[in-house]
1. With the structure loaded, tell me whether residue 64 is outside any helix (DSSP H, G or I) and open to solvent by less than 100 Å² (accessible area, probe 1.4 Å) or whether it fails that test.
2. Any idea which residue in the stretch 45-61 is least open to solvent (accessible area, probe 1.4 Å), counting only those that are assigned to a loop (DSSP other than H, G, I, E, B) and among the polar types (S, T, N, Q)?
3. Identify all residues within the stretch 1-44 that are within 17 Å of the chain's Cα centre (by Cα), in a loop (DSSP other than H, G, I, E, B) and either loosely packed, with under 10 Cβ neighbours inside 10 Å or touching a residue at least 60 places away in the same chain (Cβ under 8 Å) (or both); write none if there are none.
4. Just name the residue that is modelled with the lowest pLDDT out of those in the stretch 67-83 that are over 12 Å from the mean Cα position of the chain (by Cα) and exposed (fewer than 11 other Cβ atoms within 10 Å of the Cβ).
Amino acid sequence: MSKNKSDYIKVEFLEGFESFKIMERFVNQIPENQLKLDLEKALHNKKPFQNFKYSIETSDFRNLWFEFKQNELEKIVMDKLNL
């Protein structure tokens, strides 16, 4: 790791609303099924992050969620870096 701070770009953590939007976009692109209904319900009730995580962790869409989230995070970083 370089001692020169100018060699690095600091990227801030996402705000809660930004993470929420990523979850909404994921739900909107999955096919109509029980999981989609469960995720929509999770996002509109108390503790949406906790309930979304629980629903996705126990589903067949778990890997798709992590791939989707990674792609969305990469897009955000690219936008912030103006690449």
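1. Here the answer is no, as residue 64 does not meet what is asked.
2. Our first condition is that a residue be assigned to a loop (DSSP other than H, G, I, E, B); within the stretch 45-61, this holds for 45-47, 58-61.
Among the residues that remain, those that are also among the polar types (S, T, N, Q) are: 45, 58-59.
Values: 45: 78, 58: 97, 59: 27 Å².
Applying the filter and picking the extreme gives 59.
3. 11, 12, 13, 14, 15
4. Here is the first cut: in the stretch 67-83, the residues over 12 Å from the mean Cα position of the chain (by Cα) are 77-83.
Going one step further and asking which of them are exposed (fewer than 11 other Cβ atoms within 10 Å of the Cβ), we end up with 78-79, 81-83.
Working: 78: 89, 79: 87, 81: 83, 82: 81, 83: 60.
It comes out as 83.
The values are calculated or read from the model by the stated rules, or taken from the named source; none is laboratory data. None of the values given here were measured: they were computed from a predicted structure. Cβ atoms come from the backbone with ideal geometry, glycine included; neighbour counts cover every protein chain shown. With ligands, DNA and RNA removed, areas are computed over all heavy atoms of the protein, side chains included. Shrake-Rupley method; radii C 1.70, N 1.55, O 1.52, S 1.80 Å.
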